[in-house]
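First comes the structure, then the notes that go with it.
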Amino acid sequence: MGMNLAQKIIEEHLVSGEMTAGREISIKIDQTLTQDSTGTVAYLQFEAIGIPRVKTKKSVAYIDHNTLQAGFENADDHKYIQTVASRHGVYFSRPGNGICHQVHLERFGVPGMTLLGSDSHTPTGGGIGMLAIGAGGLDVAVAMGGGPYYLAMPKVCRVNLKGKLRPWVSAKDIILEVLRLLSVKGGVGKVIEYAGEGITTLTVPERATIANMGAELGATTSIFPSDDVTLTFLKAQGRQEEWVELKPDADAVYDECVEIDLDELAPLAAKPHSPDNVARVRDIGKIKIDQVAIGSCTNSSYMDMMKVASILKGKTVKPEVSLVIAPGSRQVLNMLAQNGALADMVAAGARILESACGPCIGMGQAPATNAVSLRTFNRNFEGRSGTPSAQVYLVSPEVAAASAIAGVLTDPAELGKIPLVNMPDKFAINDNMVVPPAPEGVEVEVIRGPNIKPFPVNREMPDQLSGVALIKVGDNITTDHIMPSNAKLLPYRSNIPYLAGYCLTPCDPEFPKRAKDNGGGFIIGGSNYGQGSSREHAALAPLQLGVKGVLAKSFARIHMANLVNSGILPMTFADEADYDKIENDDELVIDDIRKQITSGNELIIHNKTGNYDIKAGISLSERQVRMMLAGGLLNLTRAETPE
């Protein structure tokens, strides 16, 4: 019985465990990446572990999220990250060099290697044949120190692409179709592995777009083979020596199979407010639009930008539409400037943003009140744009550009013949904005600004957990709900005590006060609690407020891991009817908690207010049980690391 591609890479990197779906395994990590929104805390945690220098093949710190320097806070964080990276052996990608996933794909990604990143869209690297996984900052810090990464062995879902895309249909439409078929929960516990004749027609940037939005499926990661297409891309980047062929065995076995006929696809859009709320552009109709934003780690490659420039050339953006464009990397921006495409965009009326995440993470360009915004991004959660009333649609660059000209949502096929855009034989290579670390043994002063505060660390698990139900929320609560990430709050990512004052305020503005007044307590959640970003702050802020546990119908993978890492107990309702019975302010007590979590996968919560018991499931490995008892991963790592 043959192995699929994901299994092959996992087997090569396996440190512990057996490769049975659902069982805990650990794998060796070759590369790590961080970005500045999550990176400051990740490096504070790395320092706390006490290992002097990273032990990975390559670790890179990117500045791409908090680039708007309205005060000293972001600049201070950047200086801290640059100096701590230099001291500990991490490469530093300066502000303006580009979005972490785009730059990593261009300059550092290696087929067959493992990549762990403190950003949920790290699976972008699957477009080049990496096993690239998003995780919380503490997991990345441990990996930088040479520790393995622990995860449940995923199932592998084969998505078979047959046929070839028609003109004006793009890679974005492929992943939107996958989301339509599988939903935002359909990838949980799975690797999505792409195969079939259709993949040979997709460039590496197109594959990366698809792998990137696998995060919206809840998948562990997504991956494409490393083939001649991959080699062509690496040659153009001057990195052909890093290519290796990678493919599944001819008789590979998969846990699930999905087939998509590329010939049948049409331009699609994800309607508000979920990436899986997908319909054909023509079926949605010609709705009036107010804003178009093109960029993000999903659709900001050179190929994407050239398609947009070709559509805009010689035309004018509708006066009622604000069009902003952010090339994904300095490499892309340089090439657009050199070949005149940038001038075509500007002449059409586009506003050019710096090569950074920008509006995708709420850092600027918030739409007007009640505005309709078309975005080539990966998430359209309510309020993520910075405007709670905005109606955000996710579309391809082709749809975005055509609609900006028309002033209404437009199928680009109406433009007629599609412009021809070819992959360049050679990309413009200039790595002078990547700063190598100081040589080992050279002393580097780490500079810490006044906004950098100590992160909260939990205490050892007591014998009893008790507290009130602080809040009860519904299904698909995102990390944007739990820890908002807008332009006003992003500068405080290194200041957890300040951020905690905004925890869960989109759901209840009084939550932080209630948590403080009650000395902490429990959060009650629906299904898929914690979907979205990998931001560890969605666990650290509740920890700062004294949250002891979260009782939900189900959890998103990364957020559940972050809760465990912080020593916050994630529990699931054994009977979902109990979710309906529990009320805000109910007093909950878990007696003999240490004994209960050690002895099995079920525990008893007593609702003292209602005088009844709730059975809850806990899905913890032996290592995670030790982690919970110790009060989190940092405490466990310190306890189990030899002097």
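The values are calculated or read from the model by the stated rules, or taken from the named source; none is laboratory data. No experiment lies behind these values; they were computed from the predicted model shown. Glycine gets a Cβ as well: all are built from the backbone with ideal geometry, and neighbour counts include every protein chain shown.
In this structure, does ARG384 turn out to be assigned to a loop (DSSP other than H, G, I, E, B), in contact with a helix residue (DSSP H, G or I) (Cβ under 6 Å, 6 or more places away or on another chain) and on the phi < 0 side of the Ramachandran plot? If you could, list the steps in order and put the result at the bottom.
On the way: assigned to a loop (DSSP other than H, G, I, E, B): yes; in contact with a helix residue (DSSP H, G or I) (Cβ under 6 Å, 6 or more places away or on another chain): yes; on the phi < 0 side of the Ramachandran plot: yes.
Considered against the rule, which asks whether it is assigned to a loop (DSSP other than H, G, I, E, B), in contact with a helix residue (DSSP H, G or I) (Cβ under 6 Å, 6 or more places away or on another chain) and on the phi < 0 side of the Ramachandran plot, ARG384 comes out as yes.
Picking from ALA616, ALA539, ALA552, ALA561, which residue would you name as being outside the structural domain of ILE49 (by TED's automatic domain parsing), at pLDDT below 95 and crowded, with 18+ Cβ neighbours inside 10 Å?
ALA561
Look at ARG330 and say whether it is in contact with a Gly (Cβ under 9 Å, 6 or more places away or on another chain) and closer than 30 Å to CYS507 by Cα. Write out each step before concluding.
Working: in contact with a Gly (Cβ under 9 Å, 6 or more places away or on another chain): yes; closer than 30 Å to CYS507 by Cα: no.
So ARG330 does not fit the description; no.
Only residues that are of a type in the set (Ser, Thr, Tyr) and crowded, with 17+ Cβ neighbours inside 10 Å: list them for the stretch 221-268, please.
In the first step, residues of the stretch 221-268 are kept if they are of a type in the set (Ser, Thr, Tyr); the result is 221-222, 226, 230, 232, 254.
Passing the criteria: THR221, SER222, SER226, THR230, TYR254.
Among the listed residues ASN528, ASN458, identify the single one that is outside the structural domain of GLY39 (by TED's automatic domain parsing) and in contact with a Lys or Arg (Cβ under 6 Å, 6 or more places away or on another chain).
Answer to the check: ASN528.
So, in the stretch 279-297, of the ones that are under 24 Å from the mean Cα position of the chain (by Cα) and under 13 Å from VAL399 (Cβ atoms), which residue ends up surrounded by the fewest Cβ atoms within 10 Å (Cβ to Cβ)?
ALA279
Anything in the stretch 564-585 that is surrounded by 22 or more Cβ atoms within 10 Å (Cβ to Cβ) and either aliphatic (A, V, I, L, M) or assigned by TED's automatic domain parsing to the domain that holds TYR150 (or both)? List them, or say none.
Once the filter is applied, which keeps residues that are surrounded by 22 or more Cβ atoms within 10 Å (Cβ to Cβ) and either aliphatic (A, V, I, L, M) or assigned by TED's automatic domain parsing to the domain that holds TYR150 (or both), the stretch 564-585 yields VAL564, ILE568, LEU569, MET571.
Just to be sure I understand, how many residues within the stretch 393-407 are among the hydroxyl-bearing types (Ser, Thr, Tyr) and closer than 10 Å to ALA293 by Cα?
Matching residues across the stretch 393-407 total 0.
In this structure, does GLY328 turn out to be at positive phi and either crowded, with 17+ Cβ neighbours inside 10 Å or assigned by TED's automatic domain parsing to the domain that holds HIS65 (or both)? Explain how you work it out, then say what you get.
Values: at positive phi: no; either crowded, with 17+ Cβ neighbours inside 10 Å or assigned by TED's automatic domain parsing to the domain that holds HIS65 (or both): yes.
In short, no.
Scan LEU636, LEU563 and give me the residue that is in a helix (DSSP H, G or I) and under 30 Å from MET213 (Cα atoms).
After ruling out the rest, the residue left standing is LEU563.
Got a number for residues in the stretch 528-543 being in contact with a Gly (Cβ under 9 Å, 6 or more places away or on another chain) and farther than 19 Å from ILE496 by Cα?
2
Which of the residues belonging to the stretch 174-211 are under 22 Å from PRO111 (Cα atoms) and charged (D, E, K, R)?
Listed by number, the residues that qualify are LYS190, GLU193, GLU197, GLU206, ARG207.
Is it fair to say THR200 is touching a Gly at 6+ places or on another chain (Cβ under 9 Å) and polar (S, T, N, Q)?
No; evaluated as a whole, the condition is false for this residue.
In the stretch 63-83, how many are assigned to a loop (DSSP other than H, G, I, E, B), of a type in the set (S, T, N, Q) and under 22 Å from the mean Cα position of the chain (by Cα)?
Going through the stretch 63-83, the residues assigned to a loop (DSSP other than H, G, I, E, B) turn out to be 63-71.
Those still in the list that are of a type in the set (S, T, N, Q) too: 66-67, 69.
Imposing the further condition that a residue be under 22 Å from the mean Cα position of the chain (by Cα) reduces the set to 66-67.
Residues flagged as assigned to a loop (DSSP other than H, G, I, E, B), of a type in the set (S, T, N, Q) and under 22 Å from the mean Cα position of the chain (by Cα) within the stretch 63-83 amount to 2.
Got a number for residues in the stretch 445-504 being part of a helix (DSSP H, G or I) and either in contact with a Cys (Cβ under 8 Å, 6 or more places away or on another chain) or among the polar types (S, T, N, Q) (or both)?
So the count comes out to 3.
Could you please tell me which pairs satisfy a Cβ distance under 8 Å, a separation of 6+ or placement on different chains, a first residue in the stretch 416-432 that is outside the structural domain of GLN331 (by TED's automatic domain parsing) and within 22 Å of GLY96 (Cβ to Cβ), and a second residue that is of a type outside the set (D, E, K, R) and part of a loop (DSSP other than H, G, I, E, B)?
PHE427/GLN237; PHE427/GLY238; ILE429/GLN237; ILE429/GLY238
Name the pairs: first residue in the stretch 192-206 and β-branched (Val, Ile, Thr), second residue surrounded by fewer than 18 Cβ atoms within 10 Å (Cβ to Cβ), Cβ to Cβ under 6 Å, at least 6 apart or on different chains?
THR201/LYS164; THR203/MET423
Any residue in the stretch 572-587 that's free of Cβ contacts under 8 Å to residues at least 60 places away in the same chain and acidic (Asp, Glu): show its pairings with residues that are surrounded by 12 or more Cβ atoms within 10 Å (Cβ to Cβ) and assigned to a loop (DSSP other than H, G, I, E, B) at Cβ separation under 7 Å, as long as the two are six or more apart or on different chains.
Within 7 Å, the pairs are GLU576/LYS553.
Residue by residue through the stretch 593-627, note down the ones that are under 24 Å from LEU151 (Cα atoms) and in contact with a Lys or Arg (Cβ under 9 Å, 6 or more places away or on another chain).
GLU602, LEU603, SER621, listed by residue number.
Considering the stretch 391-424 alone, what residues qualify as being part of a loop (DSSP other than H, G, I, E, B), among the charged types (D, E, K, R) and at pLDDT 95 or above?
Of everything in the stretch 391-424, just one residue is part of a loop (DSSP other than H, G, I, E, B), among the charged types (D, E, K, R) and at pLDDT 95 or above, namely ASP411.
Could you please let me know if VAL60 is in a strand (DSSP E or B), within 23 Å of ARG493 (Cβ to Cβ) and not hydroxyl-bearing (Ser, Thr, Tyr)?
yes
Name the residues in the stretch 334-357 that are closer than 18 Å to ALA400 by Cβ and either assigned by TED's automatic domain parsing to the domain that holds ASN74 or assigned to a helix (DSSP H, G or I) (or both), would you?
LEU336, ALA341, LEU342, ASP344, MET345, VAL346, ALA347, ALA348
As an exercise: evaluate ALA356 against (1) buried (at least 24 other Cβ atoms within 10 Å of the Cβ); (2) on the phi > 0 side of the Ramachandran plot and give the number of the one condition it does not meet.
Evaluating ALA356 over (1) buried (at least 24 other Cβ atoms within 10 Å of the Cβ); (2) on the phi > 0 side of the Ramachandran plot leaves (2) as the failure.
Condition first: crowded, with 22+ Cβ neighbours inside 10 Å and part of a helix (DSSP H, G or I). Now tell me which residues in the stretch 11-41 satisfy that.
ASP36, SER37, THR38, GLY39, THR40, VAL41, listed by residue number.
Search the stretch 363-376 for residues that are more than 12 Å from PRO272 (Cβ to Cβ) and crowded, with 20+ Cβ neighbours inside 10 Å and pair each with any residue that is among the β-branched types (Val, Ile, Thr) and modelled with pLDDT of 95 or more when their beta-carbon atoms are under 8 Å apart and the residues are at least 6 apart or on different chains.
GLN365/VAL324; THR376/ILE294; THR376/THR298; THR376/VAL395
When the residues of the stretch 358-374 are filtered to those that are over 15 Å from ASP480 (Cβ atoms) and not in a loop (DSSP other than H, G, I, E, B), which remaining residue is farthest from the chain's Cα centre (by Cα)?
VAL372
Pairs needed: first member in the stretch 301-320, more than 12 Å from LEU333 (Cα to Cα); second member anywhere, crowded, with 24+ Cβ neighbours inside 10 Å and of a type in the set (Val, Ile, Thr); C-beta distance under 6 Å; at least 6 residues apart or different chains.
VAL308/ILE294
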